[in-house]
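Asks: I'd like to ask you about the structure that follows.
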6 protein chains.
Amino acid sequence: MRIKVINPNTTWSMTETIGAAARRVASPGVEIVAVSPKHGPASIECHYDEAMACLGLLEEVRQGEAEGVDAYVIACFGDPGLDAAREVARGPVIGIAEAAMRAASYVATGFSVVTTLQRTVVIAEHLVDKYGVRGHCRRVRASDIAVLELENPQSNAYRTVLDECRRALAEDGSAAIVLGCAGMADLCDRLGDALGVPVIDGVVAAVAQAEALVRAGIRTSKVGDYARPMPKAYAGSLAAYAPTAD
Amino acid sequence: MRIKVINPNTTWSMTETIGAAARRVASPGVEIVAVSPKHGPASIECHYDEAMACLGLLEEVRQGEAEGVDAYVIACFGDPGLDAAREVARGPVIGIAEAAMRAASYVATGFSVVTTLQRTVVIAEHLVDKYGVRGHCRRVRASDIAVLELENPQSNAYRTVLDECRRALAEDGSAAIVLGCAGMADLCDRLGDALGVPVIDGVVAAVAQAEALVRAGIRTSKVGDYARPMPKAYAGSLAAYAPTAD
Amino acid sequence: MRIKVINPNTTWSMTETIGAAARRVASPGVEIVAVSPKHGPASIECHYDEAMACLGLLEEVRQGEAEGVDAYVIACFGDPGLDAAREVARGPVIGIAEAAMRAASYVATGFSVVTTLQRTVVIAEHLVDKYGVRGHCRRVRASDIAVLELENPQSNAYRTVLDECRRALAEDGSAAIVLGCAGMADLCDRLGDALGVPVIDGVVAAVAQAEALVRAGIRTSKVGDYARPMPKAYAGSLAAYAPTAD
Amino acid sequence: MRIKVINPNTTWSMTETIGAAARRVASPGVEIVAVSPKHGPASIECHYDEAMACLGLLEEVRQGEAEGVDAYVIACFGDPGLDAAREVARGPVIGIAEAAMRAASYVATGFSVVTTLQRTVVIAEHLVDKYGVRGHCRRVRASDIAVLELENPQSNAYRTVLDECRRALAEDGSAAIVLGCAGMADLCDRLGDALGVPVIDGVVAAVAQAEALVRAGIRTSKVGDYARPMPKAYAGSLAAYAPTAD
Amino acid sequence: MRIKVINPNTTWSMTETIGAAARRVASPGVEIVAVSPKHGPASIECHYDEAMACLGLLEEVRQGEAEGVDAYVIACFGDPGLDAAREVARGPVIGIAEAAMRAASYVATGFSVVTTLQRTVVIAEHLVDKYGVRGHCRRVRASDIAVLELENPQSNAYRTVLDECRRALAEDGSAAIVLGCAGMADLCDRLGDALGVPVIDGVVAAVAQAEALVRAGIRTSKVGDYARPMPKAYAGSLAAYAPTAD
Amino acid sequence: MRIKVINPNTTWSMTETIGAAARRVASPGVEIVAVSPKHGPASIECHYDEAMACLGLLEEVRQGEAEGVDAYVIACFGDPGLDAAREVARGPVIGIAEAAMRAASYVATGFSVVTTLQRTVVIAEHLVDKYGVRGHCRRVRASDIAVLELENPQSNAYRTVLDECRRALAEDGSAAIVLGCAGMADLCDRLGDALGVPVIDGVVAAVAQAEALVRAGIRTSKVGDYARPMPKAYAGSLAAYAPTAD
């Protein structure tokens, strides 16, 4: 089984962190292909970044279809381009926010999301509604740390995120934490040990979920809303991205 | 890894069907323990049956804790006793309705549930709300076949369920089918081949989901609402079921 | 008219408190039969306790049908076994949470629930959604007092509950209080006098509601979802609980 | 106990029908005062009629406060002026739509409303949301009969309503019927006998509910949103309607 | 184009403030007719005031139909009589709460409403649900200032409202303010300058919205729920308000 | 005032139709700039097309900021890139689905959307929830006509859409129609005349709405979620799209 984990930002050091987390959770025999697009934003922190990241992300999915990929993980907590990617892919496509929030709902009646900058909170809030976990998500919290600062050893990211998690448990009545950024993947185990509740990283949750669906033989429905994009012309520099007949 | 699959009704032939489906989806090295309680209803088709099935079901979970079980699947589409079982268990506990409906929401924007008798529809409808998939579930449909008739070779169950699935695709605008009874597990592949859309059996979906959570290191939160039941006295014939201190 | 008030825990001193509250509100000529099951938990404080209490509770309803009972009240704020009891009963079955929350919605646009231990809060929250009073219920609050401590004269229960009610009025913008445990029935009048807003005990609300429905000639629909359980075999020690034909 | 049942339209023959239904359900010793305002619409079939009916309706509540009334019933299925009446009244004020829909939710998991003209459907739909019974109400149906035609012996109203109820049971999956007009009160018993499911008239349900709340000592909260209107000047012909200090 | 702006209270000094705000936003060539009814409450601060204000308000709409009015604005933040007015009018009828909240949702993902007295909060909350902006409205806040005090130069209204707006931005995570009373129209620009976020006055928003709909040729549908009231008799002093055939 | 109307597909003949509709509704003195991106899909009929259209669309908004544009209209019924565009723009940005659905909710209690291909229905359904008009939108219907066929004189598009509108009025209980594609702008008036109910084209509704907000002085909040994208590096061919400091 081959799972392609796409970090839709172009910071390869983060892609490596993500890939390592993915490989730790994958079963023996599952190949993890962790990539970043060649084109796009260095980090994704607003709707504009998300929209611009879709081009490279979808190109990776298109290539994946030629490479025999069985399932995809979109490793950015806003789950950008998820529905579009599902139209392109035959196997399942899993967003890390989607997988993490649903995983939390299996093991706690209430969880909090701890994300990066304040302006990403509204993006996560919309996903809470989209994924039907409003009844489980007690609050989405920002830790006020920029995405790329998570990689900066000087940034004290672990401490900052830990403190916000502690506030979440104390104030929100939550019994689990969802980490709101793929760049927090390597903080997950330490946070879990420190907090004594499930701390869920979306990369881990999504890779396990993708493998589970493939194993269960469940693939993206190609009837209806996730059918392949209809062939048509694309103008200008996007001509190469035009959907083609099989 | 050991996953205990509990068929909460006492019809062991159905338990065997369920166990076989579970074993087909489990990874190498995952042990499936498929059981039925000794006490309880032969089939579960209403709220009363559900309530009465909890006693034996929860006893199996309590025993599982002593047996080193890593995760549990409750193999009845009403997901009876799910929250209570989570209080008892340290590992994740997955209901088949929960897992199947969420699996469908990863691969289709709209699905239909095809269940057994008309009176089970309202039970499934409540689960649609509980699991936050109201936006995805287009309709819950009865096929008007009793649970135990699924096991009767004379009952023409496959044909009856297939016809209802076809109506679902034609009338509901759905792109995937969720089978609304654990007893349909062995119909799943044939239905999928005949219909050309994902057909999701809850046993398969739940076992894969349980394995995924264990692999991801995600266990039931023992803080808050799913903490272990507090020790106390139980009177009369239920004295042996009283929660005890660890 | 005969109303059977079932305290689903097995602490008879609490049953007596409940029965006394029921008799105070019942009209002349209405007979109150207040009982506890012989088998089951001494108090109900989590999902496991709820699930285990159903056996004895439903047995009392079955007996009630033979005893000419006109309506039932389930006197535990989690309303355990409510749907199952409605399948068994011909007359109306009223849960005290259901009746209390709806009564509050007739006399205030916003109310708070004050319950016992923190872990019962999520149970009440789910009932808020089930009964459609999310728009009215401003908050569910725990007073951090165990159910059986309500009966302990040393526990200072009145004061603890009063303080939590005062916080509810001050912080939640509520104009009424719903007491979240049948064991608080005898605190209700004193709290109402002290607070100057409606304080609603579920036992009182449910008995009045049950009487109202009987008087109005409104009984449980035996068509559809609350039809009698279908006759079938139950295995082992539960054989005697199997539904039978009329 | 004195319950004032206010038919907010000015058709006294309908008020008599309503009063008779109210008296049949009231307990011995409960006095029913059934009235219509002197000013206002002959029937209420749209938002404009509703708005205009409030003047007379609220005047009746104001007078009721001077007459020692313990509870009020607003006997029009749109529940016009309900919140305003609650500000004026010290005892509970019950709308017949509110009481009927909630009564239905105690005895069936799904009900249909059968009302008069098509344009009243949207009014009832809004009440379904306001009263939190969206999960129970399967459909609101018009029988295309004008309100005053219900009183016309030539109108064949019983047959028309019966046919619509039969369609509701067959097509909506409902197990109970709520009658969507106070003018249908005298059809209720015949319909129930013919249909074999609970048929709920709002006048009966509301009077029983009002009596239950009074008996339970539950009155309108005078703190917060239902506090008495603040004294102030009203201009012109409405000067006499100005709220005054107690 | 002629837009009639109806202040449903009878305080003409407020009507003048409202009219001035309306004229500032209207395009050249748009005539603003700002009126108060002759009959009704001096201010509208509770459901009773709202219900009583409908008589005069609807009379103004009826007269408007004879005067060639193209659109109406109801200039009270509770939007009293809105649905009834739409039945009477051929052109669009816009409530100021409706227009202001929707305008805010075009320019911010989260806004707070700052209204007058605490008891108007629940009225605004219900409108938040009615207009489908629950996902955008973070909180409705009272500034604890009575409506007519807004006109009192001694009342320090500007300062009081400004302080509440500041708390809204700091505590609610909002990015825009909706002013919750027509009497705040002349505070809007100063507040916007001081706060640096959009501050939206309903009169301005509604007049612009009304003009936009007229310009777009969009009028009230006279089919279905907003069809003209059916002709019928009204009794007593309301006889002159009876709907007539065209 | 300058309003930029962006047709996010690259079919300029459709852009001309859209521009003409926009100019007809704009006030004297309002300049309409109607454009298509140079790069992107010829039509937008699925999530993939939407995602790919964002690049050119957002480039047009960025240029608009340099050109002194006061407001933007995104003239594709899926409202692609709306939140991202709001981050970039200082003036309001209006989606045509958003404006059309809200306009309909001012003039009818129930409307139907008539769109193009079946697979666009789910996109519109999600917008119904996003914009809070679930209570008003009775149904989203496909007319099974491809977007570019609307421009083909042989396609009989008018007749096909008209027939679907008629079914909507007859079957959905709707009192207004929302046209679900910018390419239907020139059918709007004929449909309205034929149907006798409001038929709302999103281009017209959105241009009028944009003008109204500008006139009312309401601009996009630059605090919080719609603040300008933070400056950062974009890699590869997207480097030129990187957000810069002002």
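Taken together, the values in this text are just the output of simple stated rules run on the coordinates, not laboratory data. Since this is a predicted model, take the numbers as computed values, not measurements. Note: ideal-geometry Cβ built from the backbone for every residue, glycine included; neighbour counts use all protein chains shown.
Asks: Residues of B:36-46, mean number of Cβ from any other protein chain within 10 Å of their own Cβ, rounded to a whole number?
Replies: On the way: counts 1, 3, 4, 7, 8, 9, 5, 3, 1, 4, 12.
Mean inter-chain Cβ contacts per residue within 10 Å come to 5.
Asks: Near the amide H of residue A:140, under 5 Å away, which other amide H atoms are found, from residues 5 or more places off or on another chain, if H is placed in the peptide plane?
Replies: Distant-sequence amide H within range of residue A:140: A:113.
Asks: While we're here: Once phi is turned into ³J(HN,Hα) by the Karplus curve 6.51 cos²θ - 1.76 cosθ + 1.60 with θ = phi - 60°, what whole-Hz value does each residue of segment F:119-128 show in order, with x for glycine and proline?
Replies: Computed from phi, the couplings for segment F:119-128 are 6, 7, 4, 5, 5, 5, 4, 5, 5, 3 Hz.
Asks: Also, quick follow-up: Copy-to-copy spacing for residue B:196, label 7 Å out on the Cα-to-C-beta vector, in nm, shortest first?
Replies: So the label point of residue B:196 gives 4.3, 4.3, 5.7, 6.0, 7.2 nm to the other copies.
Asks: For the rotation that brings chain C onto chain E, whose beta-carbon in chain C is nearest the axis, and what is that distance in whole angstrom?
Replies: Result for the axis mapping C onto E: C:134, 6.
Asks: Please compute, over every Cα-Cα pair in the protein assembly as shown, the percentage with a separation greater than 59 angstrom. Can you show the working numbers first?
Replies: Values: 161623 of 1088550 pairs.
Value for the protein assembly as shown: 15 percent of Cα pairs lie more than 59 Å apart.
Asks: Restricting to the protein assembly as shown, what percent of DSSP beta bridges are antiparallel, rounded to 5?
Replies: Working: 12 of 153 bridges.
Among the beta bridges of the protein assembly as shown, antiparallel pairing accounts for roughly 10 percent.
Asks: What average count of beta carbons from other chains do you get within 10 Å of the Cβ of residues in A:22-32? Can you show the working numbers first?
Replies: On the way: counts 0, 0, 3, 4, 1, 7, 3, 2, 1, 0, 0.
Per residue, the number of nearby Cβ atoms from other chains is 2 on average.
Asks: To continue, here is another question. Please give the helix E:202-215 orientation as an angle from the longest Cα principal axis of chain E, in degrees from 0 to 90, rounded to the nearest 10.
Replies: 50
Asks: Ok, one more. Springs between alpha-carbon pairs under 10 angstrom, Gaussian network model over chain B: which of B:37, B:198, B:153 fluctuates most?
Replies: Looking only at B:37, B:198, B:153, the largest GNM fluctuation is found for B:153.
Asks: Using Cα atoms only, what is the angle between the long axis of helix F:47-66 and the major principal axis of chain F, expressed in degrees (0 to 90) to the nearest 10?
Replies: Its long axis makes an angle of about 50 degrees.
Asks: Would you compute, from DSSP H runs of 4+ residues alone, the mean residue ellipticity of chain A at 222 nm, taking -39500 (n - 2.57) per run and dividing by the full residue count, rounded to the nearest 500? Mind showing how you got there, number by number?
Replies: Values: 8 runs with 101 residues, N = 246.
After summing the helix terms and dividing by the residues of chain A, the value is -13000 deg cm²/dmol.
Asks: Name the long-range amide H neighbours of residue F:45: under 5 Å, sequence gap of 5 or more, or other chain; modelled H, no Pro or chain starts.
Replies: Sorted by chain and number, the residues that satisfy this are F:50.
Asks: Work the Kirkwood hydrodynamic radius out for chain A: mean of 1/r over every pair of different alpha-carbon atoms, inverted, in Å. Present the calculation step by step, with values, prior to reporting the outcome.
Replies: Details: mean 1/r = 0.0553 Å⁻¹.
It is 18.1 Å.
Asks: While we're on this one: Would you please give the residues with an amide H less than 5 Å from that of residue A:93, counting only those at least 5 places away or on a separate chain, with H modeled from the backbone geometry?
Replies: A:72
Asks: Rounded to whole Å, give me the distance from the Cα center of segment D:134-163 to that of segment B:178-206.
Replies: Segment D:134-163 and segment B:178-206 have Cα centres spaced 44 Å from each other.
Asks: Could you pull the Cα extents of segment F:97-201 along its three principal axes, largest to smallest, in whole Å?
Replies: Here the Cα extents, ordered largest to smallest, are 37, 28, 23 Å.
Asks: Could you run the Karplus curve 6.51 cos²θ - 1.76 cosθ + 1.60 with θ = phi - 60° over segment B:22-29 and give me ³J(HN,Hα) per residue in whole Hz, x for Gly and Pro?
Replies: Couplings: 5, 5, 5, 8, 5, 5, x, x Hz.
Asks: Mean-square fluctuation check for chain F, GNM, Cα pairs under 10 Å: which of F:135, F:236, F:64 is largest?
Replies: F:236
Asks: Shifting gears a bit: If the convex hull of the alpha-carbon atoms of segment E:149-190 is projected onto planes in all directions, what is the mean projected area in square nanometres? Intermediate values should be presented prior to the final figure.
Replies: Values: hull surface 11.9 nm².
Over all viewing directions, segment E:149-190 projects a mean Cα-hull area of 3.0 nm².
Asks: Where does the charge balance sit around residue C:5 when Lys and Arg score +1, Asp and Glu -1, over other residues with C-beta under 14 Å from its C-beta? Don't skip to the end; give the middle numbers.
Replies: Working: positive: C:2, C:4, C:23, C:24; negative: C:16, C:31, C:60, C:67, C:70, C:79, C:201, C:211.
Spelling it out: positives minus negatives among the neighbours equals -4.
Asks: While we're looking at this one, here's another question. Just to confirm my numbers, what's the Cα centroid distance between segment F:12-53 and segment D:20-65 in Å?
Replies: 57
Asks: A follow-up question, please. For residue D:24, put the label point 7 Å out on the Cα→Cβ axis and report which residues of segment D:168-209 keep their amide N under 12 Å from it.
Replies: Zone members listed by number: D:184-193, D:200-205.
Asks: Using the count of nearby Cβ atoms within 10 Å as a rough guide to exposure, how do A:165, E:76 rank from fewest to most?
Replies: Details: A:165 24, E:76 29.
By the 10 Å Cβ count, ascending, the order reads A:165, E:76.
Asks: Related question: Filter the trypsin sites (Lys or Arg not before Pro) in segment D:119-213 to those in DSSP coil with at most 13 other Cβ atoms within 10 Å of their Cβ, and list the result.
Replies: D:134
Asks: What average number of partner chain Cβ atoms lie no more than 10 Å from the Cβ of the residues making up A:169-175?
Replies: Values: counts 2, 0, 0, 0, 7, 3, 9.
Per residue, the number of nearby Cβ atoms from other chains is 3 on average.
Asks: For helix E:96-107, report the angle its Cα long axis makes with the longest principal axis of the Cα atoms of chain E; keep it between 0 and 90° and round to the nearest 10°.
Replies: Here the helix axis deviates by roughly 50 degrees.
Asks: Below 8 Å, C-alpha to C-alpha, sequence gap of six or more: please give me the relative contact order for chain E in percent. Don't skip to the answer; put the middle values down first.
Replies: On the way: 508 pairs, mean separation 54.0, N = 246.
Once divided by the residue count of chain E, the mean separation gives 22 percent.
Asks: When Lys and Arg each count +1 and Asp and Glu each count -1, what net charge do the other residues less than 13 Å away from residue A:144, Cβ to Cβ, add up to? Numbers along the way, then the final one.
Replies: Working: positive: A:119, A:141, A:159, A:167; negative: A:45, A:149, A:163, A:164.
Here the charged neighbours net out to 0.
Asks: Here is a further query. Considering only E:123, E:94, E:218, give the residue with the highest GNM mean-square fluctuation for chain E, with springs between Cα atoms whenever their separation is below 10 Å.
Replies: Checking each option, the largest mean-square fluctuation is seen for E:218.
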